[in-house]
Amino acid sequence: MKKQSALSKYKKELGTGHGANYKPYYTANHYNSMGTASIIVDWKHGRSIHCMSQAEAKFYYLMRWDDNVVDIREQYPLNRTVTKMIADILEISHPYPNTGYCMTTDFLVTEADGRYHAYAVKYSKKSIDAKEYRWLAIEAAYWKKLGIRFDLVYGEDISDKFVNNIRAVVEYYDSRNVVDLVTDIKHKIATKKYRFDMLNDVIRKDRLLKMYYEGAFNNEEC
């Protein structure tokens with residue numbers, strides 16, 4: 001697929017909006033040759049979320065599950081003039097010196113109290129090369145200049161069990177997808193009406209039915 005020019009991205013207002021109306025600056029199709037990019041349909045507002053790696057996808061599920069998070073904007077563009085200035089100060093080559101493209105932050109999260117939190121997501125420390133570390137330095141300086149917290153997250157530190165449990169229940173976040181008792185239980189877990197130890201237990205049909213008939217979900221609405 002042909003990549004969009006920087007001017008085309010500007011005209012299409014990519015990297016603008018909030019919630020269901022947000023348009024990521026880069027999409028999974030932009031990096032379709034990488035093989036690890038994916039598109040997740042957000043279970044709350046229905047927008048397609050563009051993650052450039054499996055580590056990003058894991059992090060998205062984790063953040064979206066957090067009730068303290070009210071909005072997530074992926075592939076968020078950074079002001080090119082500012083990142084070029086920072087690169088010059090740090091004596092680092094800008095990643096897009098001649099193309100007009102903007103640098104991006106993997107995720108810009110809006111928290112319930114209105115504060116922003118920016119995140120870069122990498123698979124592991126070992127997966128970051130010297131060039132990427134230099135670019136991360138620009139990114140970190142950018143958010144520090146704006147007074148916004150910035151953190152580097154490693155996908156290998158995110159529990160696969162936790163993420164798989166989230167994926168198993170949010171498929172039934174919409175009550176219209178409920179077709180039987182098990183999917184109803186998953187719906188209630190997804191909507192936080194039933195409590196379930198997502199980090200340590202495993203979402204399985206037999207496990208859910210056992211808990212249900214033993215009354216484990218009684219009075220568990222929160």
Checklist outcome for this item: The Rg/Rh figure for the stretch 124-182, Cα atoms and Kirkwood Rh, to two decimals is 1.24
Item to check | ARG47 long-range amide H proximity, modeled H, under 5 Å | outcome: ASP42
Checklist entry - So what's the back-of-envelope 222 nm ellipticity for the chain, counting only DSSP H runs of four-plus at -39500 (n - 2.57) apiece and dividing by all residues, rounded to 500? => result -10000 deg cm²/dmol
Checklist entry - Which listed residue (HIS94, THR104, ASN79) has the Cα farthest towards the positive end of the charge dipole for the stretch 51-159, taking +1 on Lys and Arg C-beta and -1 on Asp and Glu C-beta about the Cα centre? => result HIS94
Item to check | Surface accessible to a 1.4 Å probe, ARG149 within the full protein complex, Å² | outcome: 150 Å²
Checklist entry - With +1 on each Lys and Arg Cβ and -1 on each Asp and Glu Cβ, how big is the dipole of the chain about its Cα centre, in debye rounded to the nearest 20? => result 720 debye
Checklist entry - What's the carbon and sulfur percent of the stretch 77-165's accessible surface, probe 1.4 angstrom, rounded to a whole number? => result 50 percent
Checklist outcome for this item: Over all viewing directions the Cα convex hull of the stretch 166-222 casts an average projected area in nm² of 3.6 nm²
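Considering only lysines 8 or more places apart in sequence, or on different chains, count the pairs in the stretch 97-222 whose C-alpha atoms sit under 17 Å apart.
Within the stretch 97-222, the lysine pair count is 7.
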Next on the checklist: At 1.4 Å probe size, what's the solvent-accessible area of TYR22? Round to the nearest 10 Å².
Outcome noted: 10 Å²
Next on the checklist: Spelling out what I want: for every residue of the stretch 109-122, take phi, set θ = phi - 60°, compute 6.51 cos²θ - 1.76 cosθ + 1.60 (Karplus), and round to whole Hz; glycine and proline get x.
Outcome noted: 9, 9, 8, 4, 8, x, 7, 9, 9, 9, 9, 10, 10, 10
Checklist entry - Top to bottom by accessible area (1.4 Å), largest first, where do ASP151, ASP88 land? => result ASP88, ASP151
Checklist outcome for this item: With every protein chain in place, the accessible area of ASP184 for a 1.4 Å probe, in Å² rounded to the nearest 10, comes to 40 Å²
Item to check | Other-chain or far-sequence residues with amide H under 5 Å of MET103's (modelled H) | outcome: LEU78
Checklist entry - Mind listing the phi-derived Karplus ³J(HN,Hα) values for the stretch 192-205, rounded to whole Hz, using 6.51, -1.76 and 1.60 with θ = phi - 60°, and x for any glycine or proline? => result 6, 8, 10, 8, 8, 6, 5, 7, 10, 9, 10, 6, 9, 4
Item to check | 3J(HN,Hα) from dihedral phi, the stretch 37-51, Karplus parametrisation 6.51/-1.76/1.60, rounded to Hz, x for glycine, proline | outcome: 5, 8, 10, 10, 8, 4, 7, 9, 10, x, 6, 6, 9, 9, 10
Checklist entry - Where only protein heavy atoms count, and the probe is 1.4 Å, what is the accessible area per residue for the stretch 74-183 in Å²? => result 56 Å²
Checklist outcome for this item: Relative contact order in percent for the chain (Cα pairs under 8 Å, 6+ apart) equals 15 percent
Checklist outcome for this item: Residues whose modelled amide H sits under 5 Å from the amide H of ARG149, counting only those 5 or more places away in sequence or on another chain, are ALA118
Next on the checklist: Restricted to Cα positions, what overall size does the stretch 94-222 have along the principal axes? Three whole-Å values, descending.
Outcome noted: 62, 33, 24
Checklist entry - Which one, [x] 17.8; [y] 19.2; [z] 17.1, gives Kirkwood radius over Cα pairs in Å as derived from the coordinates shown? => result [y]
Item to check | Antiparallel DSSP beta bridges within the chain, as percent of all bridges there, nearest 5 | outcome: 70 percent
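The values are calculated or read from the model by the stated rules, or taken from the named source; none is laboratory data. Note that the structure is predicted; figures quoted are calculated from it, not measured. Positions of Cβ are generated from backbone atoms using ideal geometry, with glycine treated the same way; all protein chains shown enter the neighbour counts. Please note that ligands, DNA and RNA were not included when accessible areas were found on the heavy atoms of the full protein model with its side chains. Shrake-Rupley method; radii C 1.70, N 1.55, O 1.52, S 1.80 Å.
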